[in-house]
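Take a look at the structure set out below.
The values are calculated or read from the model by the stated rules, or taken from the named source; none is laboratory data. Quantities reported herein were computed from a predicted structural model and do not represent experimental measurements. Virtual Cβ from ideal backbone geometry, glycine too; neighbours counted across all protein chains shown.
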C-alpha cells in the first residue's frame, strides 16, 4: 500500500517588543540568568498582569500578513500544567477565542506553488528555560533561568495542508522571511525566538480519513524540520506495514542520529484545564485599530517581487533575490532612485556586493557602500569613464574604505582611455611585438584575436575602452 503524509505546523514566534507581555521586564537575549524577572513574571501571589499594547499590535500585523480575520474579541486563558520552567504553574495563553483565525498563505514549494490555510493565531507568554548539567543520575543537575518567562509570543497554527517534509520546510522558511520583513520577529532560531512543532500522520493515498498523528516538538531550523519529518513519515509507514498501530504521542528530534524519539503520550486540550484568566479582561480590537496597523505595514515580499518585475523590468530571478530581505529591496530602490539602471544595480548587488559582504561577515545593513555611491559607480561605467573591469577594483576599494567611486578614480588615475590616437599607438606596439599571432589571424585563423585584445588591454593597464580596442584592432589587422 502507498501512503501519503499529512502535516500541520504550530509555529511559535517571539514578538519583538522591548518588554514582556504582562510586565515591564526586558526581553533582551543574553542577560545573566534570572536578571530580567519581577514578581509578575515569576507569578508571586497578589500581582496582576497588564497587557503589552505593542505586543497586540505586532500580533495584529502578523495576522493580517497571514490573511487572517482579526477577531474583535479575544480572551486570555490559563493553560495549566506543571513543569520547572513554568513559574506560575500555568501559562497565560488564548484558547477558544484567539486574536485571529481563518487565514491563507501562498508560497513557492520545491515542486511549485502551494497554499496553506491558517487555523488560528493566538497570543501567549513564553516559558522559562531549563539548563541541564551532567548525565548520570548521581551528578545530574538542572538550573532554571526565568529570563524568557513572560516573553510575548504568537503561535501560528496551520491546517494539515502540507504533504511533504520539503514543503513543510519551505513553508517555515517563507513564514520566517515574512515575520522578519514585518519586524514582528527577529528570525533568530538559534536563540529560540522562532520554533516549530510539527504534527504528522500518514494515510493510504486516495483516502481522506486522517491517521493517528505524532507531534515532533521544538524544531529550530528548516533542515531539522525536514529531516525530522522525513524520518517520522518513514517510521509511521514502517509501523503500519508491519501491522502495528501508530501511537498518538509527543516526540523529540535527535539531530545527532537523525531520528525522532518518544517523549510522552500526547496531551489533549482537556488535560490543560483551560479557563479564562480572571485577572485579564477580554481583549477588544476595534476596526479602527486594525486599519491603523494595516496602514503602518510595509509592502509584503511577494507583492514587492511582482512590482519589481513590472516596474523595473527585472527577471523573476533578480526580483526574488532582491526581495529576500526588506533591507535589500530598499537598498535596491534607493540606488535606482539615485540614478542607477535597475538591471545594473541588481547585477552589482547580487554579484560583487553580495560576495564582499559575505567575505566580511556582513549583511546589507552593514554595507560601507551606500545606494547613492553604488549609483555613482554605475554612472561612471555608463559614461565610459571607467571600464567594467576597472569598476570591480574600484568597488572593492569602495567597500574597504567607504569612499566615493569618482574620488577613487581620480586619486588612482583610473579614467578609461578612449582617445583613438592613444589606443592606435598601443595597438601598433602590440602588432609589432606579436608577429606570429598577427600572421595566424591574417591567415584566417581568427582565434588569436582574443589574445591580441588581451595584450592591448594589458599594455593599457586595463584602462583602455574595450569596445574601442576591439574595433580599432580589428580594423588594423584587416587593413594592413
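Across the range 187-200, the number of residues qualifying as in contact (Cβ under 8 Å) with a residue 24 or more places away in the chain and in contact with a helix residue (DSSP H, G or I) (Cβ under 7 Å, 6 or more places away or on another chain) comes to 4. Scanning the range 150-184 for residues that are touching a strand residue (DSSP E or B) at 6+ places or on another chain (Cβ under 6 Å) and at positive phi yields a count of 1. Taken over the range 347-381, the criterion of being part of a helix (DSSP H, G or I) and within 20 Å of residue 412 (Cβ to Cβ) is satisfied by 348, 352, 356, 373, 374, 376, 377, 378, 379, 380, 381. If you go through the range 440-480 and keep only what is in a helix (DSSP H, G or I), surrounded by fewer than 12 Cβ atoms within 10 Å (Cβ to Cβ) and in contact with a helix residue (DSSP H, G or I) (Cβ under 9 Å, 6 or more places away or on another chain), you end up with 447, 478. Of the residues making up the range 423-477, those that are free of Cβ contacts under 8 Å to residues at least 12 places away in the same chain and within 29 Å of residue 409 (Cβ to Cβ) are 425, 450, 454, 458, 461, 467, 471, 475.
Report, ordered by the first and then the second residue, all pairs with beta carbons closer than 6 Å, sequence separation of six or more or different chains, a first member in the range 28-46 that is free of Cβ contacts under 8 Å to residues at least 40 places away in the same chain, and a second member that is part of a loop (DSSP other than H, G, I, E, B) and surrounded by 14 or more Cβ atoms within 10 Å (Cβ to Cβ). Listed pairs, sorted by first residue: 38/23; 38/25; 39/47. For the range 175-186, a residue qualifies if it is in contact with a helix residue (DSSP H, G or I) (Cβ under 9 Å, 6 or more places away or on another chain) and in a helix (DSSP H, G or I), and the qualifying residues are 176, 177, 178, 179, 180, 181, 182. May I ask you to verify whether residue 362 is under 29 Å from residue 309 (Cα atoms) and out of contact with any helix residue (DSSP H, G or I) (no Cβ under 9 Å at 6 or more places or on another chain)? Against the criterion (under 29 Å from residue 309 (Cα atoms) and out of contact with any helix residue (DSSP H, G or I) (no Cβ under 9 Å at 6 or more places or on another chain)), residue 362 does not qualify. Within the bounds of the range 29-51, is there any residue that is surrounded by fewer than 19 Cβ atoms within 10 Å (Cβ to Cβ) and within 13 Å of residue 153 (Cα to Cα)? Yes. Is there a residue in the range 193-202 that is outside any strand (DSSP E or B), assigned by TED's automatic domain parsing to the domain that holds residue 118, modelled with pLDDT of 90 or more and buried (at least 18 other Cβ atoms within 10 Å of the Cβ)? Yes, the range 193-202 contains at least one residue that is outside any strand (DSSP E or B), assigned by TED's automatic domain parsing to the domain that holds residue 118, modelled with pLDDT of 90 or more and buried (at least 18 other Cβ atoms within 10 Å of the Cβ). Listed by position, the strands (runs of 3 or more DSSP E) inside the range 79-127 whose residues that are in contact with a helix residue (DSSP H, G or I) (Cβ under 8 Å, 6 or more places away or on another chain) and assigned by TED's automatic domain parsing to the domain that holds residue 154 number at least 1 are 100-109, 112-125. Within this structure, residue 367 fails the test of being in contact (Cβ under 8 Å) with a residue 24 or more places away in the chain and either in contact with a strand residue (DSSP E or B) (Cβ under 9 Å, 6 or more places away or on another chain) or in the same structural domain as residue 180 (by TED's automatic domain parsing) (or both). Could you tell me whether the range 396-411 includes any residue that is touching a residue at least 40 places away in the same chain (Cβ under 8 Å) and out of contact with any strand residue (DSSP E or B) (no Cβ under 7 Å at 6 or more places or on another chain)? Among the residues of the range 396-411, at least one is touching a residue at least 40 places away in the same chain (Cβ under 8 Å) and out of contact with any strand residue (DSSP E or B) (no Cβ under 7 Å at 6 or more places or on another chain), which makes the answer yes. When restricted to residues that are exposed (fewer than 14 other Cβ atoms within 10 Å of the Cβ) and over 22 Å from the mean Cα position of the chain (by Cα), the range 295-330 contains 4. Are any of the residues in the range 455-476 over 30 Å from residue 359 (Cα atoms) and more than 51 Å from the chain's Cα centre (by Cα)? Yes, some residue in the range 455-476 is over 30 Å from residue 359 (Cα atoms) and more than 51 Å from the chain's Cα centre (by Cα). Restricting the range 239-258 to residues that are out of contact with any helix residue (DSSP H, G or I) (no Cβ under 8 Å at 6 or more places or on another chain) and within 26 Å of residue 221 (Cα to Cα), the residue that is surrounded by the fewest Cβ atoms within 10 Å (Cβ to Cβ) is 256. Can you find a residue that is in the same structural domain as residue 177 (by TED's automatic domain parsing), without any contact (Cβ under 8 Å) to a residue 40 or more places away in the chain, touching a strand residue (DSSP E or B) at 6+ places or on another chain (Cβ under 7 Å) and within 30 Å of residue 82 (Cα to Cα) anywhere in the range 265-282? Yes, the range 265-282 has at least one match. Just to be sure, is residue 89 more than 29 Å from the chain's Cα centre (by Cα) and free of Cβ contacts under 8 Å to residues at least 60 places away in the same chain? The answer is yes for residue 89.
Hey, among the residues in the range 337-356 that are touching a helix residue (DSSP H, G or I) at 6+ places or on another chain (Cβ under 7 Å) and touching a residue at least 40 places away in the same chain (Cβ under 8 Å), which one's surrounded by the fewest Cβ atoms within 10 Å (Cβ to Cβ)? Steps first, please.
The first filter runs over the range 337-356 and keeps only residues touching a helix residue (DSSP H, G or I) at 6+ places or on another chain (Cβ under 7 Å), leaving 338-342, 344-346, 348-350, 352, 356.
Imposing the further condition that a residue be touching a residue at least 40 places away in the same chain (Cβ under 8 Å) reduces the set to 339, 341, 348, 352, 356.
On the way: 339: 15, 341: 17, 348: 23, 352: 19, 356: 18.
Across the range 337-356, the extreme among qualifying residues is 339.
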